[in-house]
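Trainee: To start, I am sharing the structure in question, which I have written as structure tokens.
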Amino acid sequence: MTGFNTQLVHGKEIKDNNTGAINMPIYNSSTYQYPKIGDKVRWDYARSGNPTREFLEKQVAQLENGACGFAFASGMAAIHAVFAIFKPGDHILIGQQLYGGTYRLINQYFKLQGITFTTVDTRNLKKVEEAIQDNTKAIYFEPVTNPLLHVTSVKKIAAVAKRHNILTIVDNTFLTPYLQKPLDLGADFVVHSATKYLSGHSDVIAGLVVAKTFALGEKIYFVQNALGGVLSPESANLVRRGIQTLSVRLDRQQQNVAAIISFLQGRREVVQINYPGISGTKDHEIAQHECRGFGGVFSFTLSPAVNASSFVNHLRLLKLAVSLGAVESLVEIPYEMSHAELPPRERINAGITPQLIRCAIGIEDSEDLIADIKSALAAAVIPKNSTVVSLLNSKGTLVNK
Ligand SMILES: Cc1ncc(COP(=O)(O)O)c(C=O)c1O
């Protein structure tokens, strides 16, 4: 068996062309010719199967140590596919801090289909056990949450799930198979927004599902083919190309995160930093055992002496944008941007305050990123003589008086 980096670069060899092309070609044909009536053909219609897409699907299954992979038109389409294998009357446990789009899909779509959901703190195994009902079929969670970077043990949750004969489904967008392999830790499905680290260049929207067994994979294939939310061959090629440099990018991203965090730890404008790589926390303890690294995303809380909006507006290299996982560094205020859909009190109760900043660090020179942050901090400090009282108005917007 080849090593992980070799698997990233080469994928699984598919000898399907006679040109000697080093890379899997982009096959654009929507339909395929039958030699004659009654013949069995490998490819017949591109929604059901496409060689470029299949290259990516086989590769991600290999990287995750799963039986089969499936590529979708977005991360949300992939998440839809795993929930779509359940029936009305089924009950699913979900993690407390999920990506907002996943909450929307659950609350405004799957609940209407007659599937019931219970939110549970997946870091608390007792609470997980207590929430399991006779009709519970699965538990779905993100091992590293956004934007507070809380860590759940995949191993422990999967052990509880196995005892109760329910499936474990993990959204591992933040860590990727380079940093964690949930199926090896006992999960049954892993899903990715391949829009993020796997493609890595902010130029494609894509989603992936990997099933641990062929029997589970058949259920996903049915949804993929029946609903048709497949990834295009062009986008499959972009994800394939991104995957080749996944480990190299993540190594640099993690080095940059470490350098920036050690800079921020010495700053009085910063009151709290959230990153599983920081020792002395339960999150770190779990991540150390189950992950190869801690990822390229971290968040921090600015002291009340700094105007958070002014801070992000003064950044030049770190771009103000949602999303994560690409070669360029991005910054956002979750309270105002990625998590704005949650009611204000829910945001505050969850620890998502207007002073919380989330960074998704890229592969630039860390010295330049630190210089950018340093000058934005200096520009955003509220002058001492101006008395600032921060209040939340009825819409939950921070108002300075
Ligand atoms: C953890 C996580 N899962 C799923 C998604 C949805 O993926 P996509 O935007 O590719 O549909 C996102 C998007 O930000 C995400 O961060």
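Trainee: For the stretch 246-400, what % of the accessible area comes from carbon and sulfur atoms, probe 1.4 Å?
Mentor: 53 percent
Trainee: Hey, another quick one. Tell me the per residue accessible area of the chain using a 1.4 Å probe; a whole number in Å² is fine.
Mentor: With all protein chains present, the chain gives 46 Å² per residue.
Trainee: What FRET efficiency comes out for Arg268 versus Glu346 if R0 is 30 angstrom and r is the Cβ-Cβ distance? Round to the nearest 0.05.
Mentor: 0.50
Trainee: Total Lys pairs in the stretch 246-400 closer than 29 Å by alpha-carbon, pairs eight or more apart in sequence or interchain only?
Mentor: Lysine pairs meeting both conditions in the stretch 246-400 amount to 5.
Trainee: Please build a GNM for the chain, connecting alpha carbons under 10 Å apart, and tell me which residue among Lys282, Lys155, Lys36 fluctuates the most.
Mentor: Looking only at Lys282, Lys155, Lys36, the largest GNM fluctuation is found for Lys36.
Trainee: A further question follows. Roll a 1.4 Å probe over the protein heavy atoms and report the accessible area of Asp365 in Å², nearest 10.
Mentor: The value for Asp365 is about 90 Å².
Trainee: Can I ask one more? Determine by what factor the alpha-carbon radius of gyration of the chain differs from 2.2 N^0.38 Å, reporting the quotient.
Mentor: 1.04
Trainee: Helix-only mean residue ellipticity at 222 nm, the chain, DSSP H runs n ≥ 4 weighted -39,500 (n - 2.57), per residue, nearest 500. What is it?
Mentor: Result for the chain: -10500 deg cm²/dmol, rounded to the nearest 500.
Trainee: Students sometimes get this wrong: rank Tyr99, Tyr335 by accessible area, probe 1.4 Å, all chains present, largest first.
Mentor: Reading off the accessible areas and sorting them downward yields Tyr99, Tyr335.
Trainee: Build a GNM of the chain with springs between Cα atoms under 10 Å: which of Gly100, Gly325, Gly280 gets the top mean-square fluctuation?
Mentor: In the Gaussian network model the winner is Gly280.
Trainee: Looking at the chain, send over the antiparallel percent of its DSSP beta bridges, to the nearest 5.
Mentor: DSSP beta bridges in the chain are roughly 60 percent antiparallel.
Trainee: Sticking with this structure for a sec: Could you state, as a whole-number percent, how many of the C-alpha pairs of the stretch 246-400 are farther apart than 22 Å?
Mentor: 42 percent
Trainee: Which aspartates and glutamates, if any, have their Cα less than 20 Å from the Cα of Lys219, not counting same-chain residues under 8 positions apart?
Mentor: Excluding near neighbours in sequence, the set is Glu54, Glu57, Glu64, Asp90, Asp171, Asp188.
Trainee: Scan around Ala187 for amide H atoms under 5 Å from its own, H built in the peptide plane at 1.01 Å from N, and keep only partners 5 or more places away or cross-chain.
Mentor: Sorted by chain and number, the residues that satisfy this come to none at all.
Trainee: Within 10 Å, count the other beta carbons around each residue, average over each peptide in 239-245, 128-134, and list them highest first.
Mentor: 239-245, 128-134
Trainee: Now for a separate question. How about Lys212: which lysines have a C-alpha closer than 21 Å to its C-alpha, ignoring those fewer than 8 places off in the same chain?
Mentor: Partners within reach: Lys12, Lys58, Lys87, Lys137, Lys155, Lys156, Lys162, Lys181.
The values are calculated or read from the model by the stated rules, or taken from the named source; none is laboratory data. Values in this document were obtained by computation on a predicted structure and should not be read as measured data. Cβ coordinates were reconstructed from backbone atoms using ideal geometry, including for glycine residues, and neighbour counts include every protein chain displayed. Ligands, DNA and RNA are excluded from the accessible area calculation, which covers all protein heavy atoms including side chains. Shrake-Rupley method; radii C 1.70, N 1.55, O 1.52, S 1.80 Å.
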